[in-house]
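Working notes, structure below.
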Amino acid sequence: MVDERAPHLYDRIDDKTAQLPWYVDEYVNKKMRVMSPRSLLNYCHDYLIFFDWLLAEGYYQGKRTDISLECLEKLTPQSIENFLSYLQFRLQNDKFTINRKLSSLKSLFNYLQNVAETNDLKPYIVRNVMAKIAFNKITEDQETVAQKMAGKILWDDEYEAFRQFVADGYREIVKENQKLLNFHAQNAERDTAIVSLILGSGLRLSEVVGLDINDVDFQKRMVRVIRKGNKEQYVFFSEQAGLDLEDYLAVRSKKYKIPTTNQALFVSAAMGPKDTTRRLSARAIENLVKKYAKTFGKPSLSVHKLRHSFATRYQAENNDIPKLRRQLGHSAIQTTMIYTHLSNDELKRAVDHMDDHFKKTEDD
């Protein structure tokens, strides 16, 4: 399995770290072995915002790349609170986003204080202001988060209805548009296989993008993926997903003019002067799901919501959080626990029973 986006992401990381102080570049390089390039790139964006704010507020006179460790040591808790207010009120970041950016800064400052050492074995900084800053309290409990998600995922018969829509129903909607009809005829098997695989396994977008043909084991109905933290894992997929994958592979070579050297599972149509077929990008998969979701009448549906849909259905039918956690690749079981709230029919029945009791009292 090869993620062809990785070299491009690492190039972007190099570009960002070249605009940051040397110790940030050192920290990012240390983290490359244990963090995904996408996460590291997000960290770099966070650091650029923070260091630009330091310059704008006059904490350092000079270039961003020259901001010293001494400058960081002199920051006060109030300084950081002012930065967090800037994120909230000037950049309009929500509390979840602010917590993520604060987490990236805490990780950097922790490295500078507790991991990195000078030649004479002393820490880069002694005073770590970030250790004094608390994360935003997120008041929403899992029940609230679950209910907000509930209207944006697939339920019951919608799973198969959406898969059938991608495979065939979309054609009826766009029958007056020959260009869209031709495009669907070209990609129907591929798009159906993608949607069916996510709905039948709960894979992340990045995991779907990175799949090669030899990562799929039809006999065991498993795919080999690289999960967060570069962990290899074999993940089960449904029987229907297996059938849809076989239908797609039966036409893959002919429809997409693929050379034998291209082992990417999901590919784009040949394009460009050299008529090149490439691995389908994350953006392309996001866009095709968005296209079908909007036409299907559920515009809030996304790739990630398809993953949520799988998890909700799995928990409702199996009631096995430990196995679901492994299937989804969650590092913390608390993340998986949200699906117990999404499938909690007992609470709904209790409330309905209260309504029945109220009506009976009125009748009496």
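Comparing GLY200, GLY297, GLY329 in a Gaussian network model of the chain (Cα springs below 10 Å), the most mobile by mean-square fluctuation is GLY297. Two tests apply to each whole DSSP H helix in the chain, Cα reach of 24 Å or more along its axis and mean Kyte-Doolittle hydropathy of at least -1.0, and the ones passing both are 37-56, 95-114, 178-199, 239-256. In summary, the lysines within cross-link reach of LYS254, defined as a Cα separation below 19 angstrom excluding same-chain residues under 8 places away, comprise LYS274. Each other residue within a Cβ distance under 14 Å of LYS323 adds +1 if Lys or Arg and -1 if Asp or Glu, for a net charge of +1. A value for Cα Rg over 2.2 N^0.38 Å was derived from the coordinates, and within the list [x] 1.24; [y] 0.99; [z] 1.20 it appears as [z].
Within the shell of other residues whose beta carbon sits under 14 angstrom from the beta carbon of GLY242, the net charge comes to -4, with Lys and Arg scored +1 and Asp and Glu -1. The apolar share of the surface of the range 162-240, taken as the fraction of accessible area on carbon and sulfur atoms (1.4 Å probe, ligands and nucleic acids excluded), comes to 49 percent. Using the Cβ of LYS290 as centre and a radius below 13 Å, the other residues enclosed give a net charge of +4, where K and R count +1 and D and E count -1.
Taking only alpha carbon atoms, the range 10-104 gives an Rg to Rh ratio of 0.96, where Rh is the Kirkwood radius. Given the options GLN233, GLN164, GLN78, state which has the largest fluctuation in a GNM of the chain using a 10 Å cut-off (strictly under) for Cα springs. In this elastic network of the chain, the residue with the biggest mean-square fluctuation among GLN233, GLN164, GLN78 is GLN78. Between ASP217, ASP52, ASP157, the Gaussian network model of the chain with springs among Cα atoms under 10 angstrom shows the greatest mean-square fluctuation at ASP157. Accessible surface calculations at 1.4 Å, restricted to protein heavy atoms, place the chain at 56 Å² per residue. What pairs from LYS16/LYS291; LYS179/LYS290; LYS74/LYS106; LYS74/LYS122; LYS179/LYS305 go past 21 Å between their alpha carbons? From the list (LYS16/LYS291; LYS179/LYS290; LYS74/LYS106; LYS74/LYS122; LYS179/LYS305), the Cα-Cα distance tops 21 Å for LYS16/LYS291; LYS179/LYS305.
The values are calculated or read from the model by the stated rules, or taken from the named source; none is laboratory data. For clarity, every value in this text was computed on a predicted model and none was experimentally measured. Every residue, glycine as well, gets a Cβ built from its backbone with ideal geometry; the counts of neighbours run over all protein chains shown. The area values use the complete protein model at the heavy-atom level, side chains included, leaving out ligands, DNA and RNA. Shrake-Rupley method; radii C 1.70, N 1.55, O 1.52, S 1.80 Å.
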